[in-house]
Structure formats: structure tokens, C-alpha cells
């Protein structure tokens, strides 16, 4: 098995901040907007270095999305920053009309996605954002797995012309992908080769999937692990190629199983090669207060749950 | 096309265009469109500094955003009459495969349109963003926006109004079509808004009120005055008191023609009141 080393746990939002800082130095068209959450989004360094290219909007996310759309008219590449909940559900119609339908080059950068924001509870723990955003025609949806990948994704989306939803989180998680990686939108990454079951994971669940594969290996089950950082457009080929070999699949995401990665994968499989699938995801529920680890455990979003799902699904082959 | 007389000719032709467009497909919004015909003609033919052709970024020219997208007929007519696309294309309004969607959109690539609008309350924020982009680009041209008065009931406007004053977006002239009417009746009946002028002033805007919002001279003077006030640290609002359905007697003094097309007989009567000037499409 390939071994992945945690280079030191970091939060993915800091990866966004690092990527944005780099963009500030390299791309004069990049501008940033924030709705009163500079510290949470790790935008301080960009602002310090580019005060003229930063727009503090205040607590007015709808206005922020409209201003971002307007800034593209004149060639700017706006990156909006707020929590995932306020980046999507709160401003869905603004995104739909002024950004997605209008085809504007806005990068909607969303932190604190999922239950792992922890103690703030369900009002802030959006578990529906991937579904909301992937349903918008033309919207790219990216959920990177660690600090390094979030930094790489942040930089990559500046070079892509069109609306993007970039989702990341609050907790410190294993940082295991290469610091110098190139990031290709829509390209899944084969992290672990296996033959008995395919585990397709996104975001914080990728490290959990790697941990699960180790446990499964000890139990004599060979798991293939794929990092799907881009939920839309989905890398159909890497998934179909893998299930052709394994014949069973587990999808893993910190999101509702309605509307998430799992459903996108299920659609691709149904259209091409129907395959038994288990969904590691929240099951049509809101979150609650707790530590990230407690919540991951309670809602079945960790390596332990992925192991159990894998053992279950291979029985259905 | 810069004299008041010829602008009046354009207005009359624009009215005919509006009426014929909505009549043909038996849908669309003639009332507000007719009420803003003079404003659009003044803006596009007398006020705005425009480049030849169209590009999305609008650098080194004035740009305009329509927030109350349902008055697309007047927007389309004025854009076509200004040369953005062939006037014959007005014939495709609201038809399948047309670039002239029910509400304006960039999606079909119609020259002159820079944002989709229709879902209300979003245009002012977009205009602010475009104005701030102009400042970053050191482009001294203006950004214009038009909103409906009923539309001010959408909360996003007030986020935008607060922001524009706080951030000194002084290269922006936002006009409110103060016709006092919305779908369910008068704005005073549906949701009284109190003093719109007082609200804008309290938020820190410069406010100009045009009592004769269907008078080309009055509109032109207000837009020129507004422009002269730009660059002084405050966004500028023009409150334009218009008559919905202006120029067609039976469409005036009522909200009934907000979203209703005339029948054959009504069209004939309406067109008779507005004889052809530049030539029908």
C-alpha cells in the first residue's frame, strides 16, 4: 500500500488564505470580498498586501454576491469569502441570477462547511451546499481535502474562466498531499490501488478513507481510494474504471446524502454500470453542537464508518 | 440623434416597438416600459458615452444596468434603435430560440446586456461592483442603474444603498422609477415606503427628484446634473416620477398594464396615438 504522511495537521481554510495570498502577488486581477469574517477565512495577509483590492462588505452577503458579479465587468476576478451556509443557501437567488445565469467569473469561497465547524451547531453547519451549487448550470463545485490541496485549488480556479464554488472547512485535518501539486479541475486522483471495493471520497473524508483502507487491508480487503476534489464536473472515467475492477463502491462526504457527491456518483453508475453503493454522508438531518471528532463519529463520517460500509457493500456484489 | 426633437421621435418609435412586441406574443410588461421610454432614450442617446460595438467589460465607456428586468421591451427597443443589434430582431421577443428573453440575460449573448435581471433587487449591487471595478481600472466613466420603486421592497437594495454611501461609490447614478405602482396595486397600498427621498438621504446619498419623469428635457437636465455631482464622495440617486403606460391614454393612471398585453383593437388605438417616426421593425 502507498503510505501517506501527515505533514502536520492544518485547517483547509488556511490553505485558502495561503492560496489567496499567492494570487495577490501573482494575479493583479484577483480581488477579494468578505462579509465580516476576515479572520475566519484567513484573508488577513491578502488584505495587508493588497488593501485596494479588498472589499469589506459588512454582514450583507446578498450585496456581496451582486458586487462580485459587477466587479467581473471590467475584468476583475472576485473571490468572495464567508461561511458555506452564508455563501450558498442565504444567497442562492443572487448566485443563480447574477452569477451563474449571467456567466460571471466569480469564485465563491466557502469555509466552515459541514458538521466539523463544531460547537456553533446546526445554524452554521450547512450540509446541503454541494447539492445547491451543483444544481446550478455551469457552476463548478470543488471540495479539496487538505491544506495543500486547498491552496492549489484556490490558485487553479483563478485561471478558470467561470463561476466556481470552493468549499473548505474549519478544523485542523491531516495535511498529506504534496505542497507543490498541480490542481486540475475535474480530475479525480487515485490515491490507493485496490481490487475489492472502491472508496470515493471528497474533502475531509479523503484522509478518513485512507485510514479506512489501511484497516481494511489488515482485514484482507483491498480498497481502492479515489480523491474526488471536483464534484462537478465529475471525473466519470476514474470512477467507472475503478468499479469495473472492484464491483462495489462507497462514497464518502461531509454532506447530506441527498444532493451530494454520492448521488452524483450513483447517477453516473446507473447510466453506465449499475453498482452496489454505500453512502457515507449525513442522512437527511441537521447537525448539532459538539467537537468535530464527536460529530464525525455520531453522524458516521469517519474511517470507522467507511470500514463498516465497505465490509457491508462487498457482501452485495 | 442628440436634439430633444429627435429624441422625442425616438421615444414615439420606442413606444410603438414596445406595444407591438408585447402584443405579438400576448405577454410582457408594457406599463413600466412605456413609463421609462423617455428615460432610456435620454440616457442612451444624449447622456451615456458609449464605444462603438459591445464588449462585456465596458472599459472606457459608460455602462448601464437594468435591475427591474421585466421592463425588457423598452430596454431591447432602445438598444436596437441605438444599433446594438438589428431592429428586426425585436420581432423575436419572448419567442423560442430568441436572444430577447422575457427578462434580459447575458446567456444568449445579446449585445448591450451585461447582467441577467428579473428576480428583483439585485441590479444595484451589480452596478456598485462595476463602479468599483471602474475605479480599480482608473476608468473615469460612469455607471448607471435603473430600479423600480416597488423593487425597493427587496432588502438587498438597502444593503447596497448602505454600502455605496459608506464606500463612497461616487461614480454611480442610480435612478428609481417612481411610478407608485406594482403588481398588486399602488405601492402605498401594497407596502407604503414612506419617503424614498428621505431614506436615500439618510443613507448618505445625493438625491435629485424629477417631478416630470416623462419629460425629456427634465430627465436630461437631471442626468447631466447628477453627472456633474459625481466624484464628490457620494453616490447619486435620481427619483424619477413617471407615469406607467405613458403615451397610451388607456394604459395611464392604472397598474392594470403592468404585465398585460393589448389585444388587436387596443393595439390599433395605442399605435394611432403614436404615429410611426423612425419606421417600424
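Do we have any residue at all in segment A:43-52 that's touching a helix residue (DSSP H, G or I) at 6+ places or on another chain (Cβ under 8 Å), crowded, with 18+ Cβ neighbours inside 10 Å and within 12 Å of chain B (Cβ to nearest Cβ)? Yes - at least one qualifying residue is present in segment A:43-52. For segment B:123-150, residues that are under 18 Å from residue A:30 (Cβ atoms) and surrounded by fewer than 24 Cβ atoms within 10 Å (Cβ to Cβ) total 4. Go through the residues of segment A:133-142 one by one and say whether even a single one is surrounded by fewer than 24 Cβ atoms within 10 Å (Cβ to Cβ) and not in a loop (DSSP other than H, G, I, E, B). Within segment A:133-142, one or more residues are surrounded by fewer than 24 Cβ atoms within 10 Å (Cβ to Cβ) and not in a loop (DSSP other than H, G, I, E, B). Assess whether residue A:290 counts as being touching a residue at least 40 places away in the same chain (Cβ under 8 Å), in contact with a helix residue (DSSP H, G or I) (Cβ under 8 Å, 6 or more places away or on another chain) and at positive phi. So residue A:290 passes the test. Residue B:100 meets the conditions (1) away from chain A (no Cβ under 14 Å); (2) not in a loop (DSSP other than H, G, I, E, B) in every case but one. The failed one is (2).
Return yes when residue A:249 is under 22 Å from residue A:171 (Cβ atoms), touching a helix residue (DSSP H, G or I) at 6+ places or on another chain (Cβ under 6 Å) and either at pLDDT 95 or above or assigned by TED's automatic domain parsing to the domain that holds residue A:169 (or both) and no when it is not. It is false that residue A:249 is under 22 Å from residue A:171 (Cβ atoms), touching a helix residue (DSSP H, G or I) at 6+ places or on another chain (Cβ under 6 Å) and either at pLDDT 95 or above or assigned by TED's automatic domain parsing to the domain that holds residue A:169 (or both).
Scanning segment B:122-168 for residues that are at the interface with chain A (Cβ under 7 Å from one of its Cβ atoms), farther than 13 Å from residue A:70 by Cα and touching a helix residue (DSSP H, G or I) at 6+ places or on another chain (Cβ under 7 Å) yields B:156, B:159, B:163. The criterion of being outside any loop (DSSP other than H, G, I, E, B), more than 22 Å from residue A:31 (Cα to Cα) and touching a residue at least 40 places away in the same chain (Cβ under 8 Å) does not hold for residue B:120. Scanning segment A:286-317 for residues that are more than 21 Å from residue A:206 (Cβ to Cβ) and under 19 Å from the mean Cα position of the chain (by Cα) gives a single hit, A:286.
Listed here are the residues, each with its yes/no results for (1) touching a strand residue (DSSP E or B) at 6+ places or on another chain (Cβ under 8 Å); (2) part of a loop (DSSP other than H, G, I, E, B).
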site	(1), (2)
B:112	no, yes
B:116	no, yes
B:127	yes, no
B:151	no, no
B:162	no, no
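Taking (1) in contact (Cβ under 8 Å) with a residue 60 or more places away in the chain; (2) within 13 Å of another protein chain (Cβ to nearest Cβ); (3) not in a strand (DSSP E or B) in turn, residue B:174 satisfies each apart from (3).
Selection of helices (runs of 4 or more DSSP H) fully inside segment A:1-54 by the criterion of at least 3 residues being over 21 Å from residue A:175 (Cα atoms) returns A:12-26, A:44-49. Of all residues in segment A:172-200, those that are touching a helix residue (DSSP H, G or I) at 6+ places or on another chain (Cβ under 6 Å), part of a loop (DSSP other than H, G, I, E, B) and surrounded by 21 or more Cβ atoms within 10 Å (Cβ to Cβ) total 5. The set of residues from segment A:59-84 being surrounded by fewer than 23 Cβ atoms within 10 Å (Cβ to Cβ) and either modelled with pLDDT under 95 or within 24 Å of residue A:11 (Cα to Cα) (or both) comprises just one member, A:59. Filtering segment B:107-116 to residues that are facing chain A (nearest Cβ under 10 Å) and buried (at least 18 other Cβ atoms within 10 Å of the Cβ) leaves B:113, B:114, B:115, B:116.
The values are calculated or read from the model by the stated rules, or taken from the named source; none is laboratory data. These figures come from a predicted structure and were not determined experimentally. Glycine gets a Cβ as well: all are built from the backbone with ideal geometry, and neighbour counts include every protein chain shown.
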